[in-house]
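So the structure is just underneath, and the comments pick up after that.
The values are calculated or read from the model by the stated rules, or taken from the named source; none is laboratory data. All figures in this text were calculated on a predicted structure; none of them were measured in a lab. Ideal geometry is used to build each Cβ from the backbone, glycine not excepted, and the neighbour counts take in all protein chains shown.
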Amino acid sequence: MKSTGQILREARLARKLDIEDVARITKIRPRFLTLLESDDFSRLPNSIVARGFIKNYGQFLGLNPKYLLAIFRRDFSENRQGQIVPRGMVEPVTKTSLWTPRSTVIAVVVFLFTLFLGYLVYQYSLLVGPPSLNLTSPKDGITISQSTVEVFGKTDPEATISVNDKLVALDKGGQFYVRLVLTPGLNKITVTASNKSGKNTSVVRKVFLTSSP
């Protein structure tokens, strides 16, 4: 489908008129007439001027101004700055983007700083707070018939662990394991994790050993 500028140009050429001839009669500057025929409306002052030029030029060439203006509105609109832009463009292409290489660098620096700060807070909490202790076995209140029971779990890698006041070795991940000898009846198992600041976390489990028949 033809644009407004194409229709105007073809009508002028059909009448064998030069731009200068049209400018002299319509009082529209040759530069503006060239912009109209090229559909370069963004270089006109505003949409009011553009519509006035289209109407006058169309009437001079014997064309229907309403038809020309309808095609113009189909293809172009006016943005908030008063500039004529192709319809569908919210902002002119010359608008500066808010996301620049500098803002990208700032965002990365802020992210790394936040990450580092979180790491410091985590390390500080490990230093001043009690160590974590997750005792997987034995379950509290169980009854068994074997004379030994497995005691294993996990704590902070920098902590020390003791089972019934006896130190137990930790692996690199903070896991520990020991097999404890039981006595018939009720056995109380106390597991304690201690850190360098002297803070402790204890878990107590009760295991009942049945007597042999």
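Quick check: is even one residue across the range 3-16 under 17 Å from Arg74 (Cα atoms) and aliphatic (A, V, I, L, M)?
Of the range 3-16, the ones under 17 Å from Arg74 (Cα atoms) are 3-8.
Within this subset, residues satisfying the condition of being aliphatic (A, V, I, L, M) are 7-8.
Yes.
For the range 151-167, which residues satisfy the criterion of being of a type outside the set (Phe, Trp, Tyr) and either in a loop (DSSP other than H, G, I, E, B) or touching a Phe, Trp or Tyr at 6+ places or on another chain (Cβ under 9 Å) (or both)? Give the derivation first.
Pass one, the range 151-167, residues of a type outside the set (Phe, Trp, Tyr): 151, 153-167.
Selection gives Val151, Gly153, Lys154, Thr155, Asp156, Pro157, Glu158, Ala159, Ile161, Val163, Asn164, Asp165.
Tally time: how many residues in the range 7-49 are more than 24 Å from Gln81 (Cα to Cα) and either among the aliphatic types (A, V, I, L, M) or not assigned by TED's automatic domain parsing to the domain that holds Asp75 (or both)?
Looking only at the range 7-49, we keep the residues that are more than 24 Å from Gln81 (Cα to Cα), and these are 7-30.
Imposing the further condition that a residue be either among the aliphatic types (A, V, I, L, M) or not assigned by TED's automatic domain parsing to the domain that holds Asp75 (or both) reduces the set to 7-8, 11, 13-14, 17, 19, 22-23, 25, 28.
Matching residues across the range 7-49 total 11.
Any idea which residue in the range 185-213 is nearest to the chain's Cα centre (by Cα), counting only those that are closer than 14 Å to Glu150 by Cα and of a type in the set (D, E, K, R)?
Among those that are closer than 14 Å to Glu150 by Cα and of a type in the set (D, E, K, R), it is Arg205.
In this structure, is Thr26 at pLDDT 85 or above and surrounded by 11 or more Cβ atoms within 10 Å (Cβ to Cβ)? I'd like the intermediate steps shown before the answer.
Numbers: at pLDDT 85 or above: yes; surrounded by 11 or more Cβ atoms within 10 Å (Cβ to Cβ): yes.
Against the criterion (at pLDDT 85 or above and surrounded by 11 or more Cβ atoms within 10 Å (Cβ to Cβ)), Thr26 qualifies.
Within the range 194-202, is even one residue surrounded by 14 or more Cβ atoms within 10 Å (Cβ to Cβ) and either among the aliphatic types (A, V, I, L, M) or in the same structural domain as Gln123 (by TED's automatic domain parsing) (or both)?
So far as the range 194-202 goes, no, none of its residues is surrounded by 14 or more Cβ atoms within 10 Å (Cβ to Cβ) and either among the aliphatic types (A, V, I, L, M) or in the same structural domain as Gln123 (by TED's automatic domain parsing) (or both).
Checking Thr100 against (1) exposed (fewer than 11 other Cβ atoms within 10 Å of the Cβ); (2) at pLDDT 85 or above, only one condition comes out false. Which one?
Among (1) exposed (fewer than 11 other Cβ atoms within 10 Å of the Cβ); (2) at pLDDT 85 or above, Thr100 violates only (2).
If I filter the range 37-62 down to residues being within 43 Å of the chain's Cα centre (by Cα) and in a helix (DSSP H, G or I), which single residue comes out as surrounded by the most Cβ atoms within 10 Å (Cβ to Cβ)? Walk me through how you get there before you give the answer.
Step one: filter the range 37-62 for residues within 43 Å of the chain's Cα centre (by Cα), giving 38-48, 50.
Now narrow it down to the ones that are in a helix (DSSP H, G or I): 41-43, 47-48, 50.
Values: Phe41: 25, Ser42: 16, Arg43: 13, Ser47: 19, Ile48: 11, Ala50: 23.
This residue is Phe41.
With the requirement that a residue be closer than 16 Å to Val163 by Cα and not β-branched (Val, Ile, Thr), what does the range 188-213 give you? Quick ask: steps written out before the conclusion?
Here is the first cut: in the range 188-213, the residues closer than 16 Å to Val163 by Cα are 188-195, 200-207.
Selection gives Lys188, Ala193, Ser194, Asn195, Asn200, Ser202, Arg205, Lys206.
Of everything in the range 130-160, what is within 19 Å of Gly173 (Cα to Cα) and small (Gly, Ala, Ser)? Give them in sequence order.
Correct list: Ser132, Ser137, Gly153, Ala159.
Looking at (1) modelled with pLDDT of 85 or more; (2) surrounded by 12 or more Cβ atoms within 10 Å (Cβ to Cβ); (3) not β-branched (Val, Ile, Thr), find the lone condition where Asn79 falls short.
(1)
Check Thr160, Thr100 and return the single one that is among the hydroxyl-bearing types (Ser, Thr, Tyr) and under 30 Å from Arg43 (Cα atoms).
Just one listed residue meets the conditions, Thr100.
Return the residue satisfying two criteria in turn: it lies in the range 173-204 and is small (Gly, Ala, Ser) and more than 22 Å from Ile142 (Cα to Cα), and of such residues it is modelled with the lowest pLDDT. Break it down into steps so the answer makes sense when it comes.
So the first thing to find is which residues in the range 173-204 are small (Gly, Ala, Ser), and the list is 173-174, 185, 193-194, 197-198, 202.
In the following step, the residues that additionally are more than 22 Å from Ile142 (Cα to Cα) were identified as 173-174, 193-194, 197-198.
On the way: Gly173: 89, Gly174: 92, Ala193: 94, Ser194: 92, Ser197: 81, Gly198: 84.
Among them, the one singled out is Ser197.
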